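Asker: Could you have a look at this structure, given as structure tokens, before my questions?
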């Protein structure tokens, strides 16, 4: 008996990545000649959606710049549903500039752009999609109030997000980029829903109620929630 593919909804960031290769990274005030450059559709949310490549819906925002059509085409080529990817007027799409030296060390600057405009209203307008999903993926690269709204809808009020997650995220400040990944599995059977918090690429599934996160210095942190 064949099983139907799980319905996956990704709510999060959509970026264009500008990648530049060089022999060594420049020091402050230094100008160097780079060896190569390329443009890649990215963003942790978009990357998750393309990697899942199943029955996937993307929720997020792009800008009204030259990158917008390419970002949408990237989803369409992967057969990802984009009805809830909104175009934002007078705003650039999310952008990441990545410099990579020969040894593999990198330097990254991220401009949130339209990702910072993903509001609670965007989440509420996609309520039916979120409620019908088997798996919800979020990356903390959109406003936290929108992340919370998505999780609360996914769990239908049966399992709320501990607000300590918000306080810890705020400690990192506006200039840091959290690498935490939240995977919330909605349980359609009677009884409490199952919330699984994990990091993509983690060698193990974390215990329910645990969070594993990396701060902007790359250090792993654990917090019980």
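Asker: Counting only DSSP beta bridges with both residues in segment 1-140, tell me the antiparallel percent, nearest 5.
Answerer: Roughly 35 percent of the beta bridges in segment 1-140 run antiparallel, per DSSP.
Asker: Can you sort 141, 23, 131 by how many other beta carbons sit within 10 Å, fewest first?
Answerer: Details: 141 24, 23 11, 131 15.
Final ranking by Cβ density, sparse to dense: 23, 131, 141.
Any read-out appearing in this document is the output of simple, stated calculations on the displayed coordinates, not a laboratory observation. Predicted, not measured: the structure shown is a model, and the values here were computed from it. Please note: Cβ atoms are built from the backbone with ideal geometry, for glycine as well, and neighbour counts cover all protein chains shown.
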